[in-house]
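Working notes, beginning with the structure itself.
The values are calculated or read from the model by the stated rules, or taken from the named source; none is laboratory data. Predicted model, so just to flag it, every value in this text is computed and none were measured. Glycine gets a Cβ as well: all are built from the backbone with ideal geometry, and neighbour counts include every protein chain shown. Protein only, heavy atoms only, side chains kept; ligands, DNA and RNA dropped before computing areas. Shrake-Rupley method; radii C 1.70, N 1.55, O 1.52, S 1.80 Å.
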Amino acid sequence: MHIDTNDLLNSIMESFDRIDYVKPADIPNIDLYMDQVTTFMDKKLRKSTRYPDEDKVMTKTMINNYAKNDLLPPPVKKKYSKEHILVLIFIYYYKGILSISDIQTVLQPITTHFFNTEDDFNIEAIYKEVFALEKEQIESLKKDVVDKYQQSMGTFEEAPEEYREFLKLFSFICFLSFDVYMKKMLIEKLVDEIREKAPDAKPDKK
């Protein structure tokens, strides 16, 4: 098995450089029907999927389930506002690492207190601030990945030559996976803390 790890790392770095978030200004200021929502989400987020030619970003069934499970406020006359789209984007990024009930716990206080409010401090303001912070993390994330890559390339020097390249890649995967595991565990602890401190945010278990 031959894997050009340098090309692989360069590809990862290039993908980080292409990371961008959906800007509130990109979202139509008019309310959208379901088909328009799924089309918009697909257009803006398809590049972030693993298999862009095959993966569905968000389907009608998914969106209906989010509303049914109180992750998303219900549409008004079958139309979704700009704030609905912003909440759906949060859900899109969360759903890869958190359960539906955990996402509900995190988002319910947001949608309860800041959705469809006339105050300037609303969901759009929260979205802008959070994603501005996340964009600043890209460079530090790239450095961390490079550090883990370099560490992994220094492992298994005494392994049989025909397996050495694969084992170094396996080591890289393990380093990255452990980091993800620890962060996921921390996120779950934080969600549990929110659930404990805010009884009204507890998911409805049926």
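Could you calculate the FRET efficiency of T112 with Q36 from 1/(1 + (r/R0)^6), where r is the beta carbon distance between them and R0 is 35 Å, rounded to 0.05?
On the way: r = 26 Å, r/R0 = 0.74.
Once the sixth-power term is evaluated, E becomes 0.85.
Quick one: net charge of Q150's neighbours, Cβ under 12 Å, K/R +1, D/E -1?
On the way: positive: K143, K148, K168; negative: D144, D147.
The answer is +1.
Taking H as built 1.01 Å from N, whose amide H comes closer than 5 Å to the amide H of Y33, not counting residues under 5 places away?
Hits under the 5 Å cutoff: Y80.
Send over a whole-number figure in Å² for the accessible area per residue of the chain, probe 1.4 Å.
Details: 13720 Å² over 206 residues.
For the chain, the per-residue accessible area is 67 Å².
I want to check the label-to-label distance for N69 and D53. Put each point 7 Å from Cα in the C-beta direction and report it in nm to one decimal.
3.1 nm
Return the loop-located GluC sites (Glu not before Pro) in the stretch 118-179 (DSSP other than H, G, I, E, B) with at most 10 other Cβ atoms within 10 Å of their own Cβ; answer none if there are none.
Working: sites: E118, E124, E129, E134, E136, E139, E157, E158, E161, E162, E165; in loops: E118, E157, E158.
Passing sites in the stretch 118-179 are E118, E157, E158.
Rounded to a whole number, what % of the accessible area of the chain do carbon and sulfur atoms account for, probe 1.4 Å?
Working: 7480 of 13720 Å².
Carbon with sulfur: 55 percent of the solvent-accessible area.
Counting Lys +1, Arg +1, Asp -1, Glu -1, what net charge surrounds P28 among other residues with beta carbon under 13 Å of its beta carbon?
+2
Could you give the dipole magnitude of the chain about its Cα centre, charging the beta-carbon of Lys and Arg +1 and that of Asp and Glu -1, in debye to the nearest 20? Each step should come with its number before you reach the end.
Working: 30 positive and 37 negative charges, 197 e Å.
Approximately 940 debye in magnitude.
Explain nothing, just the number: dipole magnitude of the stretch 76-144 about its Cα centre with +1 on each Lys and Arg Cβ and -1 on each Asp and Glu Cβ, in debye rounded to the nearest 20. Present the calculation step by step, with values, prior to reporting the outcome.
Numbers: 9 positive and 11 negative charges, 95 e Å.
So the magnitude is around 460 debye.
Do any chymotrypsin sites (Phe, Trp or Tyr not before Pro) in the stretch 100-141 lie in a loop, going by DSSP, with at most 14 other beta-carbon atoms within 10 Å of their beta carbon, and if so which? It would help to have the intermediate numbers written out before the result.
Values: sites: F114, F115, F121, Y127, F131; in loops: F115, F121.
The qualifying sites are F121.
Between F121 and A159, what is the FRET efficiency for a Förster distance of 41 Å, r being their Cβ-Cβ separation, to the nearest 0.05? Provide the component values of the computation, followed by the final result.
On the way: r = 56 Å, r/R0 = 1.36.
That gives a FRET efficiency of 0.15.
Using a Förster radius of 35 Å, what is the FRET efficiency between I100 and Q151 based on their Cβ-Cβ separation? Nearest 0.05, please.
Numbers: r = 36 Å, r/R0 = 1.02.
Plugging the Cβ-Cβ distance into 1/(1 + (r/R0)^6) gives 0.45.
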